[in-house]
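**Student:** Here's a structure for you.
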Amino acid sequence: MKVNWKRFIATVTVFAIFASLTGCNNKQKKTPKPQPQPTAVVNNGNADAKGDGDGQSDIPLVIGCDKLSKKFNPFVVKNADDEQAVSLTQLYLVGNDRTGQIIYNGIDGEVKTYNGSDYTYYGPADIKIKYNKKRDETVYYITLRDDIRFSDGEPVTIDDVLFTMYVLCDKDYKGNCSLGVQDIKGLLKYQKKKKVKKIAGIHKINNYAMSITINGYNASMDKSLQIPICPLHYYGDIEKYNYKKNKFGFEKGDISSVCANKSSPIGAGPYRFVKYEKKIIYYTSNEIYYKGCPKIAYVQIKEMKKILNDAQERIDKDVSEEQESTLNHNAEALEMTEGTVDIIETLLSKEDVIWVAEANSNGKISGNKIATDFAPTGVYQYIGINASNVKIGNNAYSKESRNLRKALATAFSAFKRSVSWIPASEEEKEYFEAYNSDINGAEIYNEKNSEEEKYQHIKEAVLSYLEAAGYIIDDQTVSSAPKGAKMLYSIIITDGKDNPLYEVISETEALFRDIGINLQFVPVDSEKAYENKIANGKQQLWIGQCDINKNYSLYERYLGKNNLFGVDNPNLENLVKKTEKTVKNERRQKRYHHIYKKILNMAVEVPVCENYTAVMYSSARIDIDTMTKDVTGYYSWINEIENVEMK
């Protein structure tokens, strides 16, 4: 369950820097290839099968969510809770590991190391990529396992993949998948012209193999293949499918038939959808799931919003009356200990963490009643500095302009130590941590130093940058600004003191006031007002958040026509475009590293912290040893739900 993002993960939880190693070596052990092993007579996958069999628990696993909108069709699903509900029923063409890297050899499996442990990743397909430099085009060869069936017993073939792809590439498609915006050969022509009958770059080889050809190379294409394999016979019209005659299961330009009246999803995932009733979805296990029949026969997804609100009212009433009570002071923890829900995903405040620990006899966040895992969400909070509006003279990229912005960034970065941060990926690590080393972090954060000594180190670092920018410094006070610079800068902030970064900018404001420069808060009271404020490009500084999960592009973020940072740099633009078309992963990562260093040197963004989601499990009812290990923002416990067991 996702709770309001303002309820931020507190620093009382111990986090290590997100360090991981990927790859294979001779010492790594591969787990056996999964095979469907039905535990009961299922009549070749009859949809009426009950889902219970030998060795399975008939105690349902109850997963909590916020709110379901009942849009359970994989082609139209948008709400995060609906997506989770659909994902239990679906099999995805391409998967990823715990660091977000694509699994290219899903059929025989890939072994990768994360956090010191070897993990084997299997999937329904192999993906091989070949780049033709002479033609400047890339071909993706997709091979599908030939022994997978949908939960109703029908075989999964390339025709189902082709049907799904054509829906996602149709001009009538309005969902979240990005396949339809990739530079697939002939795609734009197919979308715009009525008489074009097929997408030239999509080719069927046989019943279990196909290829996709794109112009040039773009790393984002790999992730665009993370699509559900939807059954043609259920979502499409078999009478309207004939690959040789360019018929793909629906009328081109109109996917209404695919989206209509399909509130009961069907796929080749670990569970069968049974029904939605009274804000609860009921599932039974899919005995012919390709990774093996799930150990738990029944799963429920339950709306928790009203339940938690009612629980919080009970807690607040009890506390206000100052009665002695065994009630836990956190609604989620209360409902878990009372048996309402077994697994719930949320964001926890500092106080919440304390009350979760109170629920356990050992006084820790993982104990006899509740176990807690934390994972980054891929949404990070940052402080932005617009290069066009915060500069010296007319040149936004001069040393003086960069030093002005570095003075601001240095203070923000120094005071951000009060907020927990883990970088979203390996290549970002140096970028996100660089300011700390740039301001001589060893001196500032030496534990032997008093708070006053640390403050003085930060102050001196900021003043040195301002002096290098051309400001006149007199006895640790700024007396005048160079031409084009100011003695007053403004920062846009939403939610006032409730903003998770309020303390960071408040401390920075106090330091700048101390040295003679004013940092003025510009409060906005709504998301719309915030967007209007920064849409005109006149903002100097602002607090924002970035979701790297949603079609994240370095080019669009820092250089696109709608970029907020005021960056207009042809050299950086060329480098980013070249990097996003680099085929070899190792070379691409080196170029990304170079890009981040350039952005760092421009001092237009200070990443402060990343939102963390807490996954709370009922250790009283679930066998915690069977839960997915080392969950991350890229790899949920649901990725291995088939292995979870009840006590």
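Throughout, read-outs are computed from the coordinates displayed, never taken from laboratory work. Please read all numbers here as calculations on a predicted model, not as lab measurements. Counting neighbours? That spans all protein chains shown, and the Cβs are built from the backbone with ideal geometry, glycine included.
**Student:** Looking only at region 75-109, which residues have a backbone nitrogen under 17 Å from a spot 7 Å from the Cα of residue 35 in the C-beta direction?
**Tutor:** Only 107-109 pass the distance filter.
**Student:** Placing +1 on the Cβ of each Lys and Arg and -1 on the Cβ of each Asp and Glu in the chain, which of 74, 63, 280 has its Cα farthest towards the positive end of the resulting dipole?
**Tutor:** Value computed over the given set: 74.
**Student:** Would you mind telling me the antiparallel percentage of the DSSP bridges in region 378-611, rounded to 5?
**Tutor:** 60
**Student:** Now for a separate question. Which length gain, in nm to one decimal place, applies between residue 487 and residue 397 when the Cα-Cα distance is subtracted from 0.36 nm times their residue separation?
**Tutor:** Values: separation 90, 0.36 × 90 = 32.40 nm, distance 1.97 nm.
Residue separation times 0.36 nm, minus the Cα-Cα distance, leaves 30.4 nm.
**Student:** Given the DSSP H assignment, sum -39500 (n - 2.57) over each helix run of at least 4 residues in the chain and divide by its residue total; what's the result at 222 nm in deg cm²/dmol, nearest 500? Spell out each step's value before the answer.
**Tutor:** Values: 18 runs with 179 residues, N = 647.
Helix-only estimate at 222 nm: -8000 deg cm²/dmol.
**Student:** How far apart, in nm, are the 7 Å Cα→Cβ label points at residue 361 and residue 456?
**Tutor:** A separation of 5.3 nm, rounded to one decimal place.
**Student:** Would you kindly state how much longer the chain becomes between residue 264 and residue 107 on full extension, computed as 0.36 nm times their sequence separation minus their alpha carbon distance, in nm to one decimal?
**Tutor:** 53.7 nm
**Student:** Something else about it: Going by a ≥ b ≥ c, the root eigenvalues of the Cα gyration tensor, does region 378-611 fall in the rounded group (a/c under 1.5), the prolate group (a/b larger than b/c) or the oblate group?
**Tutor:** Note, shape of region 378-611 comes out rounded.
**Student:** Give, rounded to the nearest 20 debye, the magnitude of the charge dipole that region 378-611 has about its Cα centre when Lys and Arg contribute +1 at Cβ and Asp and Glu contribute -1 at Cβ.
**Tutor:** My answer is approximately 1280 debye.
**Student:** Using only Cα atoms and rounding to the nearest 10 degrees, what angle (0 to 90) does helix 158-169 make with the longest principal axis of the chain?
**Tutor:** 40
**Student:** Positive end of the dipole of region 378-611, charges at C-beta (+1 Lys, Arg; -1 Asp, Glu), about the Cα centre: which of 518, 385, 506 has its Cα farthest in that direction?
**Tutor:** 385
**Student:** Could you give me the ³J(HN,Hα) list for region 471-488, computed from phi with Karplus coefficients 6.51, -1.76, 1.60 and θ = phi - 60°, whole Hz, x at Gly and Pro?
**Tutor:** Result, ordered by residue: 6, 8, 10, 10, 6, 6, 9, 7, 9, 7, 10, x, 4, x, 9, 10, 9, 9 Hz.
**Student:** I'd like the orientation of helix 570-580 relative to the chain: the angle between its Cα long axis and the longest Cα principal axis, in ° from 0 to 90, rounded to 10.
**Tutor:** That works out to roughly 30 degrees.
**Student:** Label residue 246 and residue 70 with points 7 Å out from Cα along Cα→Cβ: what is the distance between them in nm?
**Tutor:** So the label points at residue 246 and residue 70 sit 4.0 nm apart.
**Student:** What does the extension gain come out to for residue 141 and residue 529, with contour length at 0.36 nm per residue minus their alpha carbon separation?
**Tutor:** 135.0 nm
**Student:** Can you tell me how the chain classifies by the Cα gyration tensor, rounded, prolate or oblate, using a/c under 1.5 as the rounded cut?
**Tutor:** Numbers: a/c = 2.06, a/b = 1.34, b/c = 1.53.
In terms of gyration-tensor shape, oblate.
**Student:** With a Förster radius of 41 Å, plug the Cβ-Cβ distance of residue 598 and residue 239 into 1/(1 + (r/R0)^6) and report the FRET value to the nearest 0.05.
**Tutor:** On the way: r = 56 Å, r/R0 = 1.36.
For R0 = 41 Å, the calculated efficiency reads 0.15.
**Student:** Which of 555, 225, 131 sits farthest toward the positive end of the charge dipole of the chain, with +1 on the Cβ of Lys and Arg and -1 on the Cβ of Asp and Glu?
**Tutor:** 131
**Student:** Under the rule a/c < 1.5 gives rounded, and otherwise a/b versus b/c splits prolate from oblate, where does region 499-647 land using the Cα gyration tensor?
**Tutor:** Because a/c hits 1.5 or more and a/b fails to exceed b/c, region 499-647 counts as oblate.
**Student:** Principal axis extents for region 182-323, Cα atoms only, whole Å, descending order, please.
**Tutor:** 73, 33, 29
**Student:** Here's something else I'd like to know. In whole Å, how far is the Cα centre of region 550-581 from that of region 465-539?
**Tutor:** After rounding, the separation between the Cα centres reads 25 Å.
**Student:** I'd like the distance between the alpha-carbon centres of region 234-263 and region 95-166, rounded to an integer number of Å.
**Tutor:** 24
**Student:** Rounded to the nearest 10 degrees, what's the angle between the helix 451-469 long axis and the longest principal axis of the chain, both from Cα atoms, 0 to 90?
**Tutor:** For helix 451-469, the angle is close to 80 degrees.
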